[in-house]
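Heads up, the thing below is written out as structure tokens.
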Amino acid sequence: MQNEMKSKIVGAAVRALIACVLMLCALFTSTYAWYFSKKEIASYAPISSPESLYIGAGHRDAANDTFEDIRYLYFDEMDATHETYVDKVFCIYGKGVPAYKIQLAYTTNNPFSYSIYPATESQTASTGAVYCPTHQNPSVDYYYSINGAELTGTFLNKQVVGGETIATSDKHNDTYGSYANVQKNAEPIYWQTTSSEIGSDRNDFVNYYIIRVWKNGKTSNDRETDLLCIAAKAFARD
């Protein structure tokens, strides 16, 4: 019975993030998404595309039109490391998109919190750089380092109750509609960057980022699962 209830909760959370994606993408002409399951954290990455705007998991080569697929952005070692955080790399690339904002939505079964930093790519290893080899044949080694301050953003529905960070009910109808039987940790928290990130009016562009997942004291593998949604949405340049 406990496993059945947990399955229902996780399933509801998946529907919540899919609803979030539909809400973000409904005004645009095309969408692309990949849900990579069976991980300690699942990552769900939608892309809104008024012209050409995509999310990848690492190196992007515009000349050869190759990129690291979003399915390689996974978090299965969250409980296998004793560090206080885990860094992962993603990129946003496209053409004909002057600016965009990054959006996150995530559930709260675990005490994780998230920070996003601009990053630079290199083929030379350096202290603290995130190692991301390509999945092409032959593989090429790339390293990504934080290059700038943490991106600032606004939470749309976050609250702290009894020391626990959870979502308010402000976005419940947008996420679940009239469905009311939702466990508190299955209500996703929504966040969006305050300022627009710069793309390009005409040319191909790629911007690299490091998403830092703060573990906030979680060290054991108790099979609790969170869902993380990463989105890019075109905006007017600030």
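The values are calculated or read from the model by the stated rules, or taken from the named source; none is laboratory data. No experiment lies behind these values; they were computed from the predicted model shown. As a convention, Cβ positions derive from the backbone with ideal geometry for all residues, glycine included, and neighbour counts pool all protein chains shown.
Given the criteria under 30 Å from Asp238 (Cβ atoms), polar (S, T, N, Q) and modelled with pLDDT of 90 or more, does Ser48 qualify? The answer is no for Ser48.
Of the residues making up the stretch 66-77, those that are farther than 18 Å from Pro138 by Cβ and surrounded by fewer than 21 Cβ atoms within 10 Å (Cβ to Cβ) are Arg71, Tyr74, Phe75, Asp76, Glu77.
I'm trying to understand the selection: among the residues of the stretch 149-189, which are touching a helix residue (DSSP H, G or I) at 6+ places or on another chain (Cβ under 7 Å) and aromatic (Phe, Trp, Tyr)? Listed by number, the list holds a single entry, Tyr176.
Residues of the stretch 205-220 that are of a type in the set (D, E, K, R) and under 18 Å from Ala119 (Cα atoms): Arg212 alone. Checked against (1) assigned to a strand (DSSP E or B); (2) surrounded by 14 or more Cβ atoms within 10 Å (Cβ to Cβ); (3) of a type in the set (D, E, K, R), Arg202 passes all but a single condition, namely (2). For the stretch 173-183, the count of residues that are of a type in the set (A, V, I, L, M, F, W, C) and either farther than 23 Å from Thr108 by Cβ or surrounded by fewer than 18 Cβ atoms within 10 Å (Cβ to Cβ) (or both) is at least one. Applying the criterion of at least 1 residues that are over 25 Å from Asp87 (Cα atoms) to the strands (runs of 3 or more DSSP E) found wholly in the stretch 114-190 leaves 158-161.
Among the residues of the stretch 120-138, is there at least one that is farther than 15 Å from Gly58 by Cβ, crowded, with 16+ Cβ neighbours inside 10 Å and in contact (Cβ under 8 Å) with a residue 24 or more places away in the chain? No.
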